[in-house]
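Notes follow the structure.
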Amino acid sequence: MKYLEIKGRPDACRIEVGVPVSRLESYCDPDRTVIITDGNVRSLHGRLFRPYRVIETNASEESKILSTVEDIYEKFLHYGLDRTSFVAGVGGGIVCDVAGFAASTYLRGLPFGFVPTTLLAQVDAAVGGKNGVNYKGYKNLIGTFNQPRFVLCDHRLLATLPVHELRNGFAEIIKHALIADAALFLYLEERLEGVLALDADVIEKVIYDSISIKAGIVSADETEKGERRKLNFGHTFGHALELSTGLGHGEAVSVGMVMAARLSETMGILAGDDVERIERILENAGLPFSVDMDKDLVMDAIDKDKKRAGEEINLVLLDRIGAARVVPVKIRDLREAMDDLCQHR
Ligand SMILES: NC(=O)c1ccc[n+]([C@@H]2O[C@H](COP(=O)([O-])OP(=O)(O)OC[C@H]3O[C@@H](n4cnc5c(N)ncnc54)[C@H](O)[C@@H]3O)[C@@H](O)[C@H]2O)c1
Ligand SMILES: [Zn+2]
């Protein structure tokens, strides 16, 4: 069991990795705490939080909206929550986002904590203090910056996770290694089977290292001005692919990372051998590294990206495996490079 801390407001966040979730009661008193979870997690793991009052939500992107948050406020009222109450989100990234946002806004902010139950939520969504909901089709448009008091990551919860959900998390872990930790990337290459089989020691180390990378970046840049942008590696292309091809998030980010790596190579800052290593690890993890796409649709989606600034867009590119930088790229140049970035090699 290992832990790390993110300083932040309103308080520091303590992230524990490897702690059995059966210890939840020592982190939040059942008499004061309301748990927010989703139906899948409740039916698979509900026994772990039996003494608590539970609010069940729907884990779908379509229901990650304000009306769901309103339903939660209504339950908070019904349960008579006051400023001594505590909210715990137990579930994937959707539950964490909805629970963190509802808690942060009710009574001008109740303390909250997370028990992330997907790999993606453990290494990404539950870490960093950003929580939000979708609005009029725009992802995470409405939200808060507020640290949870704790994040308990128990890898044993992942045993029930469908393999494609595991891969979603794995794509983010590879992203973290690529932008900041060459040693973790090498470890992932060497121990991939252990990671995918959820071998306790291996997965615990990988989750911890991955969280350390995000936590380090977030601590340096809590409100997303500089360093934090690196966490978008693969995501500008990824979001455009999600919108235009119907790929799931992890798959889209996987192809997006390959496109960003190839662009880094084209611009002369990343070695071709490194691009091949990236493609190989994604492929071995069961993630795609290319997809048939309509390039105009992808470019249209990039055109609409909220991170775009005028004729340029800030993209995260790699200097090498383990080191990233943010580079403004002209939309026109990107359009020209698209053929090369999308080619099946
Ligand atoms: N706030 C942030 O910084 C941040 C960062 C990344 C992603 N996100 C958000 O996270 C969301 C995606 O999160 P996700 O990938 O965890 O999706 P999710 O919350 O939809 O969970 C995926 C599926 O797995 C199920 N599930 C959860 N735990 C399980 C378990 N242990 N066993 C079996 N099934 C389980 C869920 O019910 C759901 O059907 C998106 O809405 C995204 O915007 C937020
Ligand atoms: Zn992502």
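The values are calculated or read from the model by the stated rules, or taken from the named source; none is laboratory data. Bear in mind the structure is a predicted one, so any value in this text is a computation, not a measurement. Because the Cβ atoms are built from the backbone with ideal geometry, glycine has one as well, and the counts that use them run over all protein chains shown.
Please state which of the following conditions Leu152 fails to meet, knowing it meets all the rest: (1) part of a strand (DSSP E or B); (2) more than 9 Å from ligand 1 (Cβ to nearest atom); (3) without any contact (Cβ under 8 Å) to a residue 60 or more places away in the chain. Condition (3) is where Leu152 drops out.
Thr236 meets each of the listed conditions (1) of a type in the set (Ser, Thr, Tyr); (2) surrounded by fewer than 20 Cβ atoms within 10 Å (Cβ to Cβ); (3) within 16 Å of ligand 1 (Cβ to nearest atom); (4) farther than 28 Å from Lys2 by Cβ apart from (2).
Residues in region 88-103 that are assigned to a helix (DSSP H, G or I) and either surrounded by fewer than 24 Cβ atoms within 10 Å (Cβ to Cβ) or within 16 Å of ligand 2 (Cβ to nearest atom) (or both): 4 in all.
Within region 1-10, does at least one residue satisfy the condition of being more than 20 Å from His155 (Cα to Cα), out of contact with any Cys (no Cβ under 6 Å at 6 or more places or on another chain) and surrounded by 17 or more Cβ atoms within 10 Å (Cβ to Cβ)? The answer is yes; a qualifying residue exists.
Can you tell me which residue among Ala261, Ala220 is under 18 Å from Asp339 (Cβ atoms), in the same structural domain as Asp294 (by TED's automatic domain parsing) and more than 14 Å from ligand 1 (Cβ to nearest atom)? Working first, answer last.
Numbers: Ala220 fails: under 18 Å from Asp339 (Cβ atoms).
Being under 18 Å from Asp339 (Cβ atoms), in the same structural domain as Asp294 (by TED's automatic domain parsing) and more than 14 Å from ligand 1 (Cβ to nearest atom) holds for just one of Ala261, Ala220, which is Ala261.
In region 132-181, of all residues being farther than 18 Å from Thr117 by Cβ and of a type in the set (Ser, Thr, Tyr), the one that is surrounded by the fewest Cβ atoms within 10 Å (Cβ to Cβ) corresponds to Tyr138. All conditions in (1) in contact with a helix residue (DSSP H, G or I) (Cβ under 6 Å, 6 or more places away or on another chain); (2) assigned to a loop (DSSP other than H, G, I, E, B) hold for Gly80, with the sole exception of (1).
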